[in-house]
Every structure is written in structure tokens, then in C-alpha cells.
């Protein structure tokens with residue numbers, strides 16, 4: 001009798017474990033709804049060039065500006081802080097963007113170890129100290145062999161940031177239609193960049209024109225579009241729009257966004 005009871009207990013334990021694992025596997029990270037309470041409905045990407053955005057309406061527009069680029073090579077981390085002026089009106093919602101690039105040459109590939117992730121995280125964390133910055137965004141076109149490092153970096157960075165600081169990432173549009181390789185990242189949203197898509201250009205545009213939505217839930221809170229690349233597709237309503245311009249912003253460019 002005791003043997004049967006012990007066997008039943010073991011079976012119950014294994015059933016509970018299986019249910020917990022099943023629930024964890026089914027759970028998907030989604031866009032943090034708090035972002036809509038904090039961030040404007042439109043964000044302007046301001047890259048490394050002089051930008052005068054003094055005339056934007058801060059109730060409607062925020063600015064995600066390139067704060068620094070970080071280049072990884074062997075065990076070296078080479079930061080390049082922004083050098084160009086950025087003029088915005090008082091009260092502008094600012095997101096500091098860090099662009100990460102890596103050396104792809106075999107003998108110069110980064111180590112991608114924990115120490116590199118920690119040092120890179122510290123550099124990104126420092127951009128939160130720039131004037132009026134309220135959020136952090138990472139722009140890293142990580143290839144498959146770099147994704148474990150990317151995950152480690154994001155986990156460390158999330159712990160380094162104040163709990164209420166939004167942490168977002170950019171995403172290639174193709175990532176948002178594929179497997180959920182970054183769904184477990186501790187980010188508040190992933191912004192799908194629906195421009196300069198190379199070989200995937202027509203495939204992604206057709207996907208959107210057919211009314212399809214991103215497979216990756218973290219991509220379903222926003223779109224990143226270029227003002228000189230019309231999509232000719234209806235975007236899902238209620239989502240934040242990030243605008244990219246390959247040249248410095250002008251008043252006439254802002255008119256196109258209305």
C-alpha cells in the first residue's frame with residue numbers, strides 16, 4: 001500500500017511539473033501597455049547628424065536619438081558618443097538609442113563573453129544620464145551566432161536600469177514574421193523597421209498589404225517607417241509610429257507625417 005501511495009505522489013509531482021513547463025512554453029511576452037501612457041504616439045529617429053527639431057509638438061512627437069555607437073572586436077569595446085547637436089523643445093520625450101556593430105572578420109570576432117556583456121551594458125546604462133532621457137533603445141542587427149550574447153546583454157541591462165525605465169529594441173521586419181527567437185528578451189517592445197529591407201522588401205510589403213500582423217507579439221505595438229518609402233499598406237490602428245529620415249529633418253518632412 002505504501003509503495004502505491006509513493007508512486008501516486010511521484011506521478012502527481014511529475015504532472016504538476018509538466019503543467020508548469022507547458023504553461024511557461026505557451027506564455028509569450030507582449031508589448032508593455034504602460035508604454036502608451038508614457039510615450040507619444042509618434043517618435044522621430046534622429047541619427048548622427050545635426051538635427052533641429054525645435055518646432056515639433058511634444059504632445060504628439062517624441063525623439064529617439066542616436067546617443068552612441070558601440071563597436072565590438074575581439075575583447076575590445078569601442079564606444080563612439082554622439083558628436084552632432086540635437087535641438088528639441090523643452091519637455092520632449094527622449095529615448096537614447098545605442099547602435100551596436102560587430103567585426104565580422106574571423107580573427108577579429110568579438111569574444112561575446114559575460115564580461116563584454118557587462119561592460120557594454122554599463123556604457124548603455126550611462127546614456128540614461130544624458131539630459132531629459134526617459135527611455136533606452138538598442139539597435140543591433142544580430143546574426144544568429146550573436147543572439148546568445150544579445151540575450152545576455154539585455155538581461156544584464158534590464159537589471160541595471162531603474163525598474164520604470166522603458167527598454168526597447170529595434171527589429172528587422174523579417175524577425176517579426178519569423179520564429180520568436182527574441183520573445184524572451186526583457187524588453188517593453190520591439191520596433192519593426194519596415195524600410196531598407198533588402199531582399200525581403202517585397203515579401204514584407206505584400207505581407208502587410210494582405211492585412212497580416214506580425215507573428216512576434218513584441219512587434220505588435222509599433223511600426224518603424226521611412227518617410228521616403230511608401231508602404232501602400234494599411235497599418236494596424238493604435239500603434240506607435242517611428243519615423244526614419246535618411247537626411248536631416250526639415251519642416252517639410254514633418255508635414256508629411258501629419
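Quick one: what pairs do we get from the range 228-240, first residue in contact (Cβ under 8 Å) with a residue 24 or more places away in the chain, second part of a loop (DSSP other than H, G, I, E, B) and surrounded by 10 or more Cβ atoms within 10 Å (Cβ to Cβ), C-beta under 6 Å, 6+ apart or different chains?
Listed pairs, sorted by first residue: 229/195; 240/41.
When residue 124 is evaluated against the numbered criteria (1) under 30 Å from residue 90 (Cβ atoms); (2) assigned to a loop (DSSP other than H, G, I, E, B), which criterion, by number, is the only one it fails?
Condition (2) is where residue 124 drops out.
Would you mind stating whether residue 82 is free of Cβ contacts under 8 Å to residues at least 40 places away in the same chain and out of contact with any strand residue (DSSP E or B) (no Cβ under 8 Å at 6 or more places or on another chain)?
No: the conditions fail for residue 82.
Of the residues 98, 92, which single one is touching a helix residue (DSSP H, G or I) at 6+ places or on another chain (Cβ under 8 Å), modelled with pLDDT of 95 or more and either in a strand (DSSP E or B) or farther than 30 Å from residue 144 by Cα (or both)?
Only one candidate qualifies: 98.
Considering only residues that are assigned to a loop (DSSP other than H, G, I, E, B) and in contact with a strand residue (DSSP E or B) (Cβ under 6 Å, 6 or more places away or on another chain), look in the range 131-150 and name the one that is nearest to residue 76 (Cα to Cα).
140
Taking the criterion of being free of Cβ contacts under 8 Å to residues at least 24 places away in the same chain and touching a strand residue (DSSP E or B) at 6+ places or on another chain (Cβ under 6 Å), would at least one residue in the range 99-119 satisfy it?
No, every residue in the range 99-119 fails to be free of Cβ contacts under 8 Å to residues at least 24 places away in the same chain and touching a strand residue (DSSP E or B) at 6+ places or on another chain (Cβ under 6 Å).
In the range 151-179, what residues are in a loop (DSSP other than H, G, I, E, B) and loosely packed, with under 15 Cβ neighbours inside 10 Å?
162, 163, 164, 178, 179
Given the condition surrounded by fewer than 19 Cβ atoms within 10 Å (Cβ to Cβ), within 12 Å of the chain's Cα centre (by Cα), at pLDDT 95 or above and under 24 Å from residue 244 (Cβ atoms), answer yes or no: does some residue in the range 141-150 qualify?
Within the range 141-150 (the criterion being surrounded by fewer than 19 Cβ atoms within 10 Å (Cβ to Cβ), within 12 Å of the chain's Cα centre (by Cα), at pLDDT 95 or above and under 24 Å from residue 244 (Cβ atoms)), the answer is yes, since at least one residue qualifies.
The values are calculated or read from the model by the stated rules, or taken from the named source; none is laboratory data. Quick caveat, the model's predicted, so the values are computed rather than measured. Methodologically, a virtual Cβ is constructed for each residue, glycine included, from the backbone with ideal geometry; neighbour enumeration extends over all protein chains shown.
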